[in-house]
Amino acid sequence: DLATRILASWYYLGQDSGYPAVNFDSWSSSSSANQHVNVQGDHKTLIRKIAAASTVLLKNSKNLLPFNRPSSLAIIGSHAAPNPSGINSCSDRGCNTGVLAQGWGSGTAEYPYLSDPTSAIRTQATSDGTSITTSTSDTDTTAAANAARGKSAAIVFVTADSGEGKNTPLNGIVH
């Protein structure tokens, strides 16, 4: 009954015809069917506003945040930096290398740009006169400790990635 009602409305309103041809092939980025249609407009401004409003601070012991122009800052963890292979280098975003901006699977999209935390923090630090030291290894704890030693503060980036279907931590896609 539900399917009949949905499909009857679809046909009645003529939604089964008059559409432009498909202009992309999501399984093959090199397909001749792919055509770029820029529908972004001023979305960047809106997305940044939504992201800022969506940020949640879970704990602020001793009122350490927000930082007030610290003289030095350490940034620790590979997830603060861009993926060295490029922002769209992981099929279906099915990896956890560099900044993690979305999970993986059929709902993923190609990024036209991606702002990584280190670059954004460096921009602010430059205007504040804050020196930045980074350690982007997730396994070299000595490098992380050295980066943080003597700094006004340290920010550590850690992620947990998830997705659907074929890409699971159990089959070795995630590292």
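Just report the Cα centroid separation between segment 1-63 and segment 80-96, whole Å. When both Cα centres are located, 21 Å separates them. Taking amide H as placed 1.01 Å from N in the peptide plane, the amide H of SER131 sits under 5 Å from that of SER72, LEU73, each at least 5 places away or on another chain. For ILE155, the amide hydrogen comes within under 5 Å of the amide hydrogens of ALA74, ILE75, ILE76, counting only partners 5 or more places away or on other chains and with H modelled in the peptide plane.
If you sort LEU65, LEU13 by accessible surface, 1.4 Å probe, largest first, the order is LEU13, LEU65. Take the Cα radius of gyration of segment 1-110 and divide it by 2.2 N^0.38 Å, N being the number of residues; the result is 1.66.
Show me the ranking of peptides 147-160, 27-40 by mean Cβ neighbours inside 10 Å, starting with the highest. Write down the numbers at each step before the final one.
Numbers: 147-160: 14.5, 27-40: 8.7.
By packing density, highest mean first, the sequence is 147-160, 27-40.
Taking segment 31-71 and a reference point 7 angstrom along Cα→Cβ of GLU110, the backbone N atoms nearer than 18 Å belong to 31-41. Positive end of the dipole of the chain (Cβ unit charges, origin at the Cα centre): among TYR11, TYR113, SER78, the Cα lying farthest that way belongs to SER78. Across segment 102-115, coupling constants 3J(HN,Hα) worked out from phi with the 6.51/-1.76/1.60 Karplus curve, θ = phi - 60°, read 7, x, 10, x, 5, x, 6, 9, 7, 8, x, 6, 8, 8 Hz, and Gly and Pro carry x.
Going by accessible surface with a 1.4 Å probe and the largest first, GLU110, GLU164 read GLU110, GLU164.
The values are calculated or read from the model by the stated rules, or taken from the named source; none is laboratory data. All values derive from a computational prediction rather than experimental measurement. So basically every Cβ, Gly included, is an ideal-geometry build from the backbone, and we count neighbours across all protein chains shown. Surface accessibility is based on the protein's heavy atoms, side chains included, excluding ligands, DNA and RNA. Shrake-Rupley method; radii C 1.70, N 1.55, O 1.52, S 1.80 Å.
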